[in-house]
Amino acid sequence: MKTILGTGQLGLAIMQLLLDKSPDERILLVNRSGKLDISIPQNVQVVAADVTDAADMETIAGKSEIIFSCTDVPYDKWAGFYPATANALALALSKTNARLVFADNMYSYGNVAGAAMNEQMPHTAKTKKGKIRAGVINALLLSGQEFNSRVAFVKASDFIGPRIHKGLFGKDFLDNVYNGKTVRLFGNIALPHTFTYINDFAAAMINVGTANDTFGQIWHVPNAPALSLDKWLHLFEVVTNKPIKKSVTPKFVIRLAGLFNSFIKELYEMAYQFENPYLVNHDKYVSRFGKHSTYPSAIVKETVEWYLSAQKNN
């Protein structure tokens, strides 16, 4: 059975792609409530479990051939959530034969000053969140345990695409665009920045998870060409036929705001992502699986279509 931990945008995208390939695929979805607010076929089951609980994860792993881990929590909860999740999964893997594909981001590499990030780079981040992510990699992939050979990490950049609400170009952004409100950005918006299309991420998770020679390794999702935030905004202007009013917030203002808002405080330490080019190399993945990344104009079109459809149904 294929198991998906987390029923957010990535988890559901993986589920849908698996069903598109094989409508009768047996899939186990795992979240805290055991409930889902969308309809699913009978061969998909939803159960409640705590990914930070070792007993729960051992039970889930015992039922699973492949586990796709796609869970997330707000930044200010990472320090407790991710180490506990890594420990629970490590124990579960040590007691079962399950394989794990872990959805990750680029934070563990830290500030590479504009260099294109690749899978051979060390996980030597100096930021709080980067260290947390590096700790997960160390626990699940680099701990010298037998189960490390049954673990693969798939790293993505910042999300873009349908069903994303809080991302830079998510629902909140499109709300502002369609309501004529100012879009607030920070950093140098003329620098190229790699974004990961959510469906490309899901496809990469599945390709890595269903291959036989991909485990014990890190993989980067194949991404669209890196465009500046300014160019992404222009594409959204073209597709929405709406002029976008934008304002770039100075870094010191963000730092001051972080004194009063825990989320902004956590965001501040990642400002380096928008102070240098933010580039991700995916040659390793393309050499193994071919290039299937979605082009920026198609990403924007699909994102806007999703937004307008969701607005119509509300």
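Would you work out the relative contact order for the chain, in percent, from Cα pairs under 8 angstrom that are 6 or more residues apart? Before the final figure, lay out the partial values.
Numbers: 586 pairs, mean separation 56.3, N = 314.
After rounding, I find 18 percent.
Based on the Cβ-Cβ distance from Arg184 to Glu119, what FRET efficiency comes out when R0 is 35 Å, to the nearest 0.05? Can you show the working numbers first?
On the way: r = 34 Å, r/R0 = 0.96.
Rounded to the nearest 0.05, the efficiency is 0.55.
Rounded to the nearest 20 Debye, what is the dipole magnitude of the range 14-127 about its Cα centre when Lys and Arg each give +1 and Asp and Glu each give -1 at the C-beta?
Computed about the Cα centre, the dipole is about 120 debye.
Report the calculated FRET efficiency for Asp230 and Ser149 (r = Cβ-Cβ distance, R0 = 41 Å), to the nearest 0.05.
0.40
Please enumerate, by chain and number, the aspartates and glutamates with C-alpha under 12 Å from the C-alpha of Lys128, excluding those fewer than 8 residues away in the same chain.
Reachable aspartates and glutamates: Asp76, Glu266, Glu269.
Please compute P(r) over all alpha-carbon pairs of the range 19-150, binned at 5 Å starting from zero, and give each bin as a whole-number percent.
Histogram of Cα-Cα distances, whole percents per bin: 2, 9, 17, 21, 17, 14, 11, 6, 2, 0.
Take every Cα-Cα distance within the chain, group them into 20 Å bins from 0 onward, and report for each bin the whole-number percent of pairs it holds.
Bins of 20 Å from zero give 32, 60, 8 percent of pairs.
For the peptides 240-248, 220-228, 294-302, what is the packing order when you average, over each peptide's residues, the other Cβ atoms within 10 Å and list the highest mean first?
Details: 240-248: 12.7, 220-228: 20.3, 294-302: 17.2.
Answer by packing, highest mean first, reads 220-228, 294-302, 240-248.
Let me check something: with ligands and nucleic acids excluded, how do His292, His193 order by accessible area (1.4 Å probe), largest to smallest? Present the calculation step by step, with values, prior to reporting the outcome.
Details: His292 55, His193 5 Å².
Output order, biggest surface exposure first: His292, His193.
Quick one: in the range 87-147, what % of C-alpha pairs are over 19 Å apart?
Working: 652 of 1830 pairs.
For the range 87-147, the fraction of Cα-Cα distances above 19 Å is 36 percent.
Using the charge dipole of the chain (Lys, Arg: +1 at Cβ; Asp, Glu: -1 at Cβ; taken about the Cα centre), state which of Asn87, Met57, Ala211 has its Cα farthest towards the positive end.
Asn87
List the DSSP H helices in the chain whose Cα atoms stretch 15 Å or more along the helix axis and whose mean Kyte-Doolittle hydropathy is at least -0.5.
Working: long enough: 9-21 (18 Å, 0.95); 78-94 (23 Å, 0.93); 128-140 (19 Å, 0.01); 198-209 (17 Å, 1.03); 229-240 (16 Å, 0.57); 296-313 (26 Å, -0.42).
Span-like helices here: 9-21, 78-94, 128-140, 198-209, 229-240, 296-313.
Keeping every protein chain in place, order Glu65, Glu269 by accessible area at 1.4 Å, biggest value first, i.e. largest first.
Numbers: Glu65 90, Glu269 55 Å².
Largest to smallest exposure gives the sequence Glu65, Glu269.
What is the diffusion coefficient of the range 10-79 in µm²/s, taking the Kirkwood radius over Cα pairs and the Stokes-Einstein relation at 4 °C with a viscosity of 1.567 mPa s?
Numbers: Rh = 13.3 Å.
Reported coefficient: 98 µm²/s.
At 1.4 Å probe size, with the rest of the protein present, what percent of the exposed accessible area of the range 140-214 is carbon and sulfur atoms?
On the way: 1310 of 2680 Å².
The C+S portion of the solvent-accessible surface of the range 140-214 is 49 percent.
The values are calculated or read from the model by the stated rules, or taken from the named source; none is laboratory data. Quantities reported herein were computed from a predicted structural model and do not represent experimental measurements. Methodologically, a virtual Cβ is constructed for each residue, glycine included, from the backbone with ideal geometry; neighbour enumeration extends over all protein chains shown. Ligands, DNA and RNA are stripped out before the accessible areas are found, and what is left, the full protein with its side chains, is counted by its heavy atoms. Shrake-Rupley method; radii C 1.70, N 1.55, O 1.52, S 1.80 Å.
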